[in-house]
Amino acid sequence: MTDPNGRFFWYELMTSDPQGAIAFYSHVVGWTSAAFGGDVGYPYTIISGSAGPLGGIMAIPDDAKDCGMQPWWGGYIGSADVDADARRLTDAGGSVRRAPEDIAGVGRFAVIGDPGGATFMLMKGSSPEGMDAPPPMATGHVGWHELYSGAFDADLAFYTGQFGWTTGDAMDMGEMGQYQLFSQSGDADFEAMDGGMMARPAEMPMPLWLFYFVVTDIDAAVERVKAGGGTVLNGPMEVPGGAWIIQGLDPQGAMFALVGMRADAEKGA
């Protein structure tokens, strides 16, 4: 089993319409879904890609809705000790947005803000078996992690210093600044890079993590996004390595992204 500590390993959509979101992403990304078998006090749907489960979809909790939460994708970073890590991350410039607590039969979690204001979760699962990491670019799974940072230098130091992530090349994006590649595995080779971070653009309403789900044909996926009531905000755009990406909004308003090849390119056209 892969050690998830210090790495994103689970992705969760909180939404205003869980059934609508399940139908949309199942069509666009190709996920299968099943109700969670445990009793967590609310309906929770497990979503799976080609290599197994990767996350869940649930309704926005009433208390969060009352505080103005909008549909949102969040990511869980593995933790060996959620309470100790929450204290450590606070000392390093982060903040605790929801104190550590247990979810019966699932594990212990906390909600954390990084120095620039983006939110993620810590999780220590209750199962000793853990999970296998999917192979790179497995269909339906997360192929890239992207941070739109509210405090670039502080956030870069935070994630590399606290989680042991390593940096790769920094790409010059002109007026938008640097796009810093990183590896959650600690491997500095280019092939190990699994994310990038940049200063939050002015059009982005808040600092956030964006997750890129892998599809087999980016152009066909774009048509499925549109047909399913989603909105393509940007792309398709080619990225180093020959893949293509889009960023979009699902029908409920949650931001998501896709990465995949072009069918014609794979055929050599």
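The values are calculated or read from the model by the stated rules, or taken from the named source; none is laboratory data. Note that the coordinates shown come from a computational prediction; the quantities given were computed from them, not determined experimentally. In this analysis, Cβ positions are derived from the backbone assuming ideal geometry, glycine residues included, and neighbour counts consider all displayed protein chains. Areas reflect the complete protein model, heavy atoms only, side chains present, ligands, DNA and RNA absent. Shrake-Rupley method; radii C 1.70, N 1.55, O 1.52, S 1.80 Å.
Determine by what factor the alpha-carbon radius of gyration of segment 141-260 differs from 2.2 N^0.38 Å, reporting the quotient.
1.08
Specify the longest stretch of the chain that does not include any exposed loop site, a site being one of the GluC sites (Glu not before Pro) with a non-H, G, I, E, B DSSP assignment and at most 13 other Cβ atoms within 10 Å. Provide the component values of the computation, followed by the final result.
Details: sites that count: Glu129, Glu203.
Looking at the chain, 1-128 is the longest stretch - no exposed GluC sites (Glu not before Pro) with at most 13 other Cβ atoms within 10 Å.
Count the DSSP beta bridges whose two residues both fall in segment 141-260, then state the antiparallel fraction as a percent rounded to the nearest 5.
75 percent
On average, how much accessible surface per residue is there in the chain, in Å², for a 1.4 Å probe, leaving out ligands, DNA and RNA? Write down the numbers at each step before the final one.
Values: 12470 Å² over 269 residues.
For the chain, the per-residue accessible area is 46 Å².
Please list, ordered by chain and number, the residues whose modelled amide H lies under 5 Å from the amide H of Thr2; skip anything fewer than 5 residues away on the same chain.
The list, which skips near neighbours in sequence, is Met131, Asp132, Ala133.
Taking amide H atoms as placed 1.01 Å from N in the peptide plane, list the residues 5 or more away in sequence, or in a different chain, whose amide H sits under 5 Å from that of Asp194.
Here Phe182, Ser183, Gln184 satisfy the definition.
Hey, can you grab everything whose amide H is under 5 Å from the amide H of Val215? Only 5+ residues off in sequence or another chain; H modelled, so Pro and N-termini drop out.
Gly140, Val259, Gly260
So what's the projected area for segment 1-57, the Cα convex hull averaged over all directions, in nm²? Please report the intermediate quantities before stating the final value.
Values: hull surface 19.2 nm².
The Cα convex hull of segment 1-57, projected and averaged over all directions, gives 4.8 nm².
How much of the accessible area of segment 99-139, in percent, comes from carbon and sulfur atoms when a 1.4 Å probe is used?
C and S atoms contribute 59 percent here.
Between (i) 29, 24, 17; (ii) 26, 24, 18; (iii) 30, 20, 18, which matches semi-axes √(5λ) of the Cα gyration tensor in Å calculated for the structure shown?
The listed entry that was calculated here is (ii).
Using a 1.4 Å probe over the heavy atoms of the protein chains, calculate the carbon and sulfur portion of the accessible area of segment 1-90 as a whole percent. Walk me through the numbers on the way to the answer.
Details: 2260 of 4170 Å².
The value for segment 1-90 is 54 percent carbon and sulfur by accessible area.
Measure off, as a whole percent, the carbon and sulfur share of the 1.4 Å-probe accessible area of segment 141-260, all protein chains present.
Values: 2640 of 5030 Å².
Roughly 52 percent of what the probe reaches on segment 141-260 is carbon or sulfur.
Where nothing but the Cβ of Lys and Arg (+1) and of Asp and Glu (-1) is charged, how large is the charge dipole of the chain around its Cα centre, in debye to the nearest 20? Can you show the working numbers first?
Details: 13 positive and 34 negative charges, 83 e Å.
Dipole size: approximately 400 debye.
Return the Rg/Rh value of segment 203-269, two decimal places, where both radii are evaluated on C-alpha atoms and Rh is the Kirkwood radius.
Working: Rg = 12.3 Å, Rh = 12.4 Å.
That ratio is 0.99, to two decimals.
Name the residues of segment 109-152 whose amide N is less than 19 Å from a point 7 angstrom out from the Cα of Glu191 along the C-beta direction?
Under cut-off, by backbone N: 133-139, 143-144.
Within 10 Å, Cβ to Cβ, of Pro100, how many net charges do the neighbouring residues add up to if Lys/Arg are +1 and Asp/Glu are -1?
Numbers: positive: Arg87, Arg98, Arg108, Lys124; negative: Asp81, Asp83, Asp85, Glu101, Asp102.
With Lys, Arg at +1 and Asp, Glu at -1, the neighbours total -1.
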